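The structure appears below as structure tokens.
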Amino acid sequence: MTRVARACFALTLLVSTAPRTGLAQTPDAPGRHRVEIRSTADSTLQPSVLVMPAAPAPSANGRRPLAVMLHTWSFDLDQRDSTVEAEADARGWLLLSPNFRGRSETPLACGSDVAQQDILDAVAWVRAHYAVDSTRIYLLGRSGGGFMTMLMASRYPAQGAAASAWVGISDLAAWNSEHPTDEYGRMMRGCFGETPRESAAIAAAYAARAPLRYLKPKGRVPFDLADVVHDTVVSPRHTLEAFQAIAPQVLSNADIEAMMRGQYGTPVPAADTILGRTIHVRRTAGASRLTLFEGEHEWISRAAIAWLAAQQRRR
């Protein structure tokens with residue numbers, strides 16, 4: 001083989017084995033695919049996982065719903081939920097898992113404007129490259145993913161049809177006070193530099209990323225807010241106050257204080273076979289609902305998907 005031929009062969013091998021990046025990626029085979037999407041915030045390539053379904057599109061026009069699953073506080077885009085993947089696949093949904101700067105321990109993570117933009121960019125990229133049903137774009141997540149679900153749906157209501165947030169964090173300053181010395185507290189200090197008590201500027205930074213600042217009555221996005229009664233990681237108060245923010249006429253301060261003491265009021269008579277747990281509280285406000293059920297820091301993702309599947313934005 002001549003020197004020129006060897007050089008051409010080496011170049012061909014390099015091109016064929018190098019990972020594809022940027023906007024040229026459009027996987028179409030069923031399964032999990034890692035894609036990289038150019039950030040409009042800082043021009044870096046940011047990874048997402050896109051799961052292509054094997055089932056046909058559920059709509060006659062070939063457009064598919066898009067579920068955007070947001071990872072928890074201590075994980076990144078590689079976090080998986082087999083139930084969400086199976087439910088999305090069976091329904092013919094696209095499933096997107098953005099990284100939004102990974103674990104919440106650096107200033108660009110933890111719900112920063114840049115992290116928020118990464119999610120918007122990832123959704124826009126999928127919509128630009130695939131036949132997405134724009135009336136059925138859903139957000140879902142638990143814990144730190146519930147935090148991001150509430151933050152994104154409240155700040156960018158035009159982007160989604162519905163949001164399901166479980167055991168989520170709605171008030172970052174309050175959550176910091178719940179974890180002053182443990183790993184979560186350390187991670188928050190990595191995001192903000194210190195605790196909210198350090199200065200007014202740092203306290204303002206915590207508040208600026210807290211969903212409670214943006215959750216409002218008569219919002220355009222229906223919320224499915226769920227929490228458990230034995231949560232030692234994120235107090236149920238976060239979910240109760242988030243629901244109160246969108247439905248103050250349905251949940252009062254006195255209601256919240258009673259629920260935090262374990263006084264849930266009238267038992268919920270109807271069983272939820274999908275949830276499969278004892279429901280202590282269920283309140284509704286328009287298309288939104290609150291569920292407080294028996295359990296620890298967890299979610300029933302099948303129930304989240306079932307609720308989302310019943311939601312569709314009006315054109």
Using a 1.4 angstrom probe on heavy atoms only, work out the carbon and sulfur share of the accessible area of region 87-187 in %. 49
Order 226-236, 180-190, 299-309, 261-271 from most to least packed using the mean count of other Cβ atoms within 10 Å. 299-309, 226-236, 180-190, 261-271
Mind checking the per residue accessible area of region 167-315 for me, 1.4 Å probe, whole number of Å²? 49
Can you give me the distance in nm between label points at Arg186 and Ala158, each placed 7 Å from the Cα along the Cα-to-Cβ direction? 4.3
Of all beta bridges DSSP finds with both residues in the chain, what is the antiparallel percent, to the nearest 5? 45
Obtain the nm distance between the two label points defined at Ala208 and Ala271 by a simple spin-label model: each point lies 7 Å from its Cα along the Cα-to-C-beta direction. 5.0
Cβ crowding within 10 Å averaged over residues, with 90-98, 72-80, 145-153 ranked highest first: 145-153, 90-98, 72-80
Region 171-246 and region 52-100 have their Cα centres apart by a whole-number Å value of 26
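The values are calculated or read from the model by the stated rules, or taken from the named source; none is laboratory data. All figures in this text were calculated on a predicted structure; none of them were measured in a lab. All Cβ positions, glycine included, derive from the backbone under ideal geometry; neighbour counts span all protein chains shown. Areas reflect the complete protein model, heavy atoms only, side chains present, ligands, DNA and RNA absent. Shrake-Rupley method; radii C 1.70, N 1.55, O 1.52, S 1.80 Å.
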